[in-house]
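Undergrad: So that we are looking at the same thing, I have put the structure below in structure tokens.
The values are calculated or read from the model by the stated rules, or taken from the named source; none is laboratory data. Please read these numbers as outputs of a predicted model, since none were measured by experiment. Backbone-built Cβ (ideal geometry, glycine too); neighbour counts: all protein chains shown.
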């Protein structure tokens with residue numbers, strides 16, 4: 001095993017760490033005793049007895065896993081002694097996954113953490129919710145990200161005018177290289193998050209990067225290559241089925257002739273031609289390459305690490321599009337000879353470059369008639385057959401380009417004043433610059449229309465962000481005869497400056513000048529903002545441990561934010577956590593079956609100021625109207641001096657149990673979070689001149705749930721080991737209260753007692769057997785289907801439960817790791833528009849009504865002239881008929897690796913094969929069940945192969 005520590009007893013200057021083949025060397029006398037230790041195994045004492053070669057076999061002991069220290073932000077705590085809810089994965093979990101986004105590494109691996117990929121286009125983002133959605137505002141539910149002690153803003157950096165390739169704006173987290181991460185801790189309950197105050201309302205994600213370790217200098221090189229493809233296509237009609245549908249639609253509408261524009265059925269297009277447009281547009285293979293290299297090592301006093309990486313990924317779309325990113329990181333740790341002074345510095349710099357079509361081709365791939373003509377003519381140019389036909393591949397000329405540079409730097413300086421008192425200062429700096437452009441050239445139009453470059457459009461988004469943070473802290477810790485007391489006091493001073501400039505330009509003399517805004521005749525500033533956010537806080541922690549089994553943890557924080565008015569800038573948050581290690585009581589101490597037992601509980605408050613800057617102020621915006629040559633100002637926001645913090649009250653009770661030397665270890669946790677003082681825009685009458693005013697709504701949102709985890713060491717033999725990790729979350733979200741909801745503008749969006757992400761639907765009754773039209777329940781009995789009176793059926797799309805099952809099997813040098821992710825949920829079927837129009841449909845639509853008396857699930861075909869059928873189809877997509885079971889079990893990740901035996905003991909060569917999203921078991925009929933963004937590319941199935949060389 002690598003990383004085993006071997007020391008000579010009673011000698012401080014004789015220590016060795018085993019290499020990747022388990023080899024070690026050190027100087028010892030014949031009568032010395034070796035102390036051999038490794039996390040997860042019992043420490044062994046071995047007599048040298050004059051031997052020059054000493055082989056050691058360690059005994060598995062999972063109990064020592066409880067001694068692992070987890071990062072809780074401002075402090076660390078032993079796993080066995082933590083009073084809060086903290087989930088954790090390490091580099092060993094991360095390195096098995098061929099992913100590029102830090103959030104992807106956590107999918108299916110943590111209880112209470114729901115992560116969904118929003119697009120399969122490289123450079124896209126992920127949605128994360130830690131124990132549900134607390135705020136009525138969708139943008140107010142992101143957790144706090146901290147990298148090596150430095151807050152990293154999760155605010156999107158893209159613009160709605162430029163980031164049209166993605167369903168949501170670009171995430172800044174894309175730049176972080178998962179290979180540089182040592183561990184990720186998720187803080188969930190009040191005990192763990194209240195010390196972060198207003199920033200911890202939605203949970204905290206602590207990212208710790210890799211650091212250098214004492215020992216000989218090591219070089220590590222990882223390289224891999226792979227491919228990605230779409231996981232699943234929709235089952236669409238073939239040409240025969242499609243033309244039969246279209247012709248029946250004309251008959252149903254009483255149309256005797258086809259129009260000249262009905263190319264698919266009037267004979268203009270080949271009636272026998274069939275093209276699977278999903279394969280043409282989305283069936284390509286994304287090529288993926290990765291290269292990582294690091295050098296690390298150091299002495300007892302000073303350790304270092306330096307590394308770099310490069311990643312490229314093409315797309316499944318036709319054409320040459322590429323996403324690439326490179327990163328570099330440096331860390332230095334130093335301590336004085338007496339270990340009183342410690343200095344740590346780490347920095348990471350990331351560069352991203354993305355070139356994609358600015359329109360996702362997924363919608364065209366699913367809607368284009370199967371007998372549409374070839375997209376290219378024999379000369380290789382776009383085919384514009386039939387005059388006004390729109391060639392979907394013309395959208396490939398609408399390029400999206402993005403360049404992002406971000407820097408994160410952290411310095412920690414500490415000094416041990418005495419054995420009980422120490423001082424530490426955390427200094428951090430981040431900066432990010434993002435430049436995006438999107439062009440819509442005249443070449444997307446049929447040349448016969450004579451559209452010139454004067455109609456071409458350029459959109460430009462320039463975003464900059466920088467922040468600094470200073471956090472001085474004092475820690476006093478004293479051990480008494482039967483107890484210990486740990487007191488931490490600190491403060492935070494943070495400043496963040498944002499600026500964004502979004503412009504559009506038209507009227508170019510040539511498309512070759514499109515990327516130069518100065519060449520545009522008409523330039524419009526769509527937005528130009530510069531904001532300054534200032535934050536300060538004072539925090540503290542008191543931890544009292546009595547008899548190593550009764551632990552009390554108290555945290556508090558006073559926050560100040562510039563996002564609120566003068567009377568409401570400050571707020572107090574705090575929490576208390578208690579843990580009882582009952583397995584250390586005398587009546588359990590000698591138990592043969594219970595090796596660990598703990599009951600813990602916590603209660604406290606956190607808050608939120610995720611509303612953007614200057615929301616409480618009355619602000620003005622430049623007007624597009626010009627009077628007498630002068631640009632005017634128009635009021636854009638009303639003043640609200642009472643605007644104040646959101647409050648989230650969290651409660652949890654949990655039990656942790658270990659059996660048979662912790663070979664079986666389980667956690668059961670129940671939580672309830674209630675978020676009040678909701679920060680929303682209260683709608684105003686149009687007569688006021690404003691759509692809304694920023695205010696606090698006296699509504700309460702509750703998230704509650706049950707989290708279960710199970711870790712088992714199934715086998716722990718000399719040549720074979722097998723461990724299993726299972727997590728399961730039952731989650732429930734509901735709106736507890738909302739004063740005067742029925743008379744408010746939100747009366748058709750929320751329901752008391754239901755989740756806040758519900759949709760109100762028409763209740764589907766079926767197809768009328770006489771006229772073949774969809775029928776819906778008339779809730780108010782007025783003989784009409786009207787909104788909102790009849791659209792009152794609640795549809796809940798929140799997952800009922802979710803989790804993952806991970807297994808790791810090791811046989812000698814061969815290692816197999818695989819993870820199954822599962823979700824119980826409902827989703828909508830993919831909307832395809834009215835059946836019978838010039839658009840393909842799901843294959844199941846062939847079973848549609850065609851004559852009186854038919855009992856079918858789908859209504860009459862129409863070309864668009866049957867108003868009743870069009871209305872029925874419109875209502876169908878907003879009815880209970882569109883809701884289906886979207887539960888799934890997915891082989892999320894699999895990794896197979898082999899350590900190649902080498903003659904040189906200090907060199908390791910590992911061969912790896914990894915896969916992501918390989919198999920999905922689901923009843924969902926319309927593509928990827930995990931994916932919720934209609935009209936966008938779903939997540940890809942990825943397989944990579946690589947090698948790791950360490951010497």
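Undergrad: Report, by residue number, each residue of the range 669-697 that is closer than 25 Å to residue 191 by Cα, touching a residue at least 40 places away in the same chain (Cβ under 8 Å) and surrounded by fewer than 19 Cβ atoms within 10 Å (Cβ to Cβ).
TA: 674
Undergrad: Among the residues of the range 840-853, which ones are crowded, with 18+ Cβ neighbours inside 10 Å and in contact with a helix residue (DSSP H, G or I) (Cβ under 8 Å, 6 or more places away or on another chain)?
TA: Of everything in the range 840-853, those that are crowded, with 18+ Cβ neighbours inside 10 Å and in contact with a helix residue (DSSP H, G or I) (Cβ under 8 Å, 6 or more places away or on another chain) turn out to be 840, 841, 845, 848.
Undergrad: Would you mind telling me which numbered condition in (1) buried (at least 20 other Cβ atoms within 10 Å of the Cβ); (2) closer than 30 Å to residue 365 by Cα residue 496 fails?
TA: So residue 496 meets the others, but not (2).
Undergrad: May I pose another question? Evaluate the following for residue 703: is it part of a strand (DSSP E or B), in the same structural domain as residue 153 (by TED's automatic domain parsing) and either touching a helix residue (DSSP H, G or I) at 6+ places or on another chain (Cβ under 9 Å) or under 30 Å from residue 196 (Cβ atoms) (or both)?
TA: Yes; evaluated as a whole, the condition is true for this residue.
Undergrad: Are any residues in the range 617-648 assigned to a strand (DSSP E or B) and touching a helix residue (DSSP H, G or I) at 6+ places or on another chain (Cβ under 8 Å), and if so, which ones?
TA: Across the range 617-648, the qualifying residue is only 646.
Undergrad: Next up: State whether one or more residues within the range 516-535 are without any contact (Cβ under 8 Å) to a residue 12 or more places away in the chain and buried (at least 18 other Cβ atoms within 10 Å of the Cβ).
TA: no
Undergrad: Would you confirm, using the coordinates I've provided, whether residue 811 is in contact (Cβ under 8 Å) with a residue 40 or more places away in the chain and under 22 Å from the mean Cα position of the chain (by Cα)?
TA: So residue 811 does not fit the description; no.
Undergrad: Please go through the range 778-789 and pick out each residue that is crowded, with 16+ Cβ neighbours inside 10 Å and either modelled with pLDDT of 95 or more or closer than 25 Å to residue 848 by Cα (or both).
TA: Within the range 778-789, 778, 785 meet the criteria.
Undergrad: Moving on to the next point. From 827, 847, which residue is within 30 Å of residue 245 (Cα to Cα) and without any contact (Cβ under 8 Å) to a residue 60 or more places away in the chain?
TA: Testing whether each residue is within 30 Å of residue 245 (Cα to Cα) and without any contact (Cβ under 8 Å) to a residue 60 or more places away in the chain leaves just 847.
Undergrad: When you scan the range 715-740, how many residues do you find that are in contact with a strand residue (DSSP E or B) (Cβ under 8 Å, 6 or more places away or on another chain) and free of Cβ contacts under 8 Å to residues at least 12 places away in the same chain?
TA: Number satisfying all stated conditions: 1.
Undergrad: Given the structure, is residue 886 surrounded by fewer than 20 Cβ atoms within 10 Å (Cβ to Cβ) and either out of contact with any strand residue (DSSP E or B) (no Cβ under 7 Å at 6 or more places or on another chain) or touching a residue at least 24 places away in the same chain (Cβ under 8 Å) (or both)?
TA: No.
Undergrad: Still on this model: Identify the residue in the range 548-559 that is farther than 17 Å from residue 489 by Cα and surrounded by fewer than 22 Cβ atoms within 10 Å (Cβ to Cβ) and, among all such residues, is modelled with the highest pLDDT.
TA: The residue in question is 550.
Undergrad: Could you run through the range 882-921 and say how many residues are more than 28 Å from the chain's Cα centre (by Cα), modelled with pLDDT of 95 or more and more than 24 Å from residue 92 (Cα to Cα)?
TA: Residues meeting the conditions: 0.
Undergrad: Taking residue 451, is it within 30 Å of residue 390 (Cα to Cα), free of Cβ contacts under 8 Å to residues at least 12 places away in the same chain, assigned by TED's automatic domain parsing to the domain that holds residue 343 and surrounded by 15 or more Cβ atoms within 10 Å (Cβ to Cβ)?
TA: Yes; evaluated as a whole, the condition is true for this residue.
Undergrad: When you go through (1) touching a strand residue (DSSP E or B) at 6+ places or on another chain (Cβ under 9 Å); (2) more than 24 Å from residue 487 (Cα to Cα) one by one for residue 512, which number turns out not to apply?
TA: Result: residue 512 fails condition (1) only.
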